[in-house]
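Since the structure comes first, as structure tokens, the remarks are kept for the end.
Values quoted throughout were computed directly from the atomic coordinates according to the rules given, and no laboratory measurement underlies them. Everything numeric here is computed off the predicted structure, so don't read it as measured data. When we count neighbours, we look across all protein chains shown, and the Cβ atoms used for this are built from the backbone with ideal geometry, even at glycine.
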Amino acid sequence: MGYEDKVDVIDLIINVLREHEKNLDDLVARLENVVTKTESTRPSPAKTEIPAARIEAPKLMISAVIKNWGEFREKSLGASLVAFDVDEKKFNVSVLKDGVLYSYNEDIPELELRFKEKDQRIALEELNIGRAETVPTILRGRLKCGLEVSLKGLEVKLPEGSSVYKVSYDIDDDESRSWLSFQLKTDKKNIIRGMIKV
């Protein structure tokens with residue numbers, strides 16, 4: 001096979017490929033016309049109104065536990081659902097936003113004083129504050145995140161003449177709801193006491 005014969009074969013292959021390309025372009029154009037006609041004749045789905053109280057959440061993809069309140073607040077602004085609770089001496093907040101479940105928790109302190117009355121004075125025998133990081137909460141009366149806690153005390157007299165005064169901290173539902181609504185820019189009706197599970 002000479003040089004001219006090889007060029008003729010290559011020309012033939014190129015011409016056949018061009019013809020196939022033209023046929024494919026025609027088929028694609030006809031398919032696009034069919035799809036356009038089908039979409040224009042398809043009835044549109046009926047629109048239904050979702051009541052304001054009902055929350056439609058996107059499909060959950062991931063969950064994130066955030067330790068810093070400022071960062072948690074930034075990620076949670078305008079969340080569609082917020083849940084808060086106190087569980088095992090922890091203040092827990094979780095939100096559902098853009099398919100992500102964000103969680104924040106913080107220790108609620110416990111304080112226990114053991115004292116004895118002696119000569120019309122009180123002698124402190126023992127002070128138990130639990131964990132050191134809860135000291136600011138004990139002194140300020142608010143959690144690190146800024147939520148105010150209420151104080152409850154209980155005194156127990158011991159047989160040997162000492163007394164133990166136990167201080168526990170708790171949160172008020174209405175105050176917590178209002179505070180979270182302000183902090184997270186979320187409607188109060190979308191804030192529940194409980195938890196979000198996936």
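Within the stretch 119-198, list the trypsin sites (Lys or Arg not before Pro) lying in a DSSP loop whose Cβ has at most 12 other Cβ atoms in a 10 Å radius.
Values: sites: 121, 131, 140, 142, 144, 152, 157, 166, 177, 185, 188, 189, 193, 197; in loops: 131, 144, 185, 197.
Passing sites in the stretch 119-198 are 131, 185, 197.
Expressed in nm², what is the orientationally averaged projection area of the convex hull enclosing the Cα positions of the stretch 110-170?
Numbers: hull surface 18.6 nm².
That works out to 4.6 nm², a quarter of the Cα hull's surface.
Multiplying the residue separation of residue 167 and residue 31 by 0.36 nm and removing their Cα-Cα distance gives an extension gain of 41.4 nm. Sites listed here are chymotrypsin sites (Phe, Trp or Tyr not before Pro) in the stretch 92-198 whose DSSP assignment is loop and whose Cβ has at most 16 other Cβ atoms within 10 Å, and the list is empty.
Other residues within the sphere of radius under 13 Å centred on the Cβ of residue 163, judged by their own Cβ, net out at -1 (K and R +1, D and E -1). Taking a threshold of 18 Å on the Cα-Cα distance, which of the pairs 89/152; 67/166; 144/189; 67/189 fall above it? Beyond 18 Å: 67/166; 144/189; 67/189. Here is the list for the stretch 111-184: GluC sites (Glu not before Pro) lying in DSSP coil, each with at most 13 other C-beta atoms within 10 angstrom of its C-beta, are 160.
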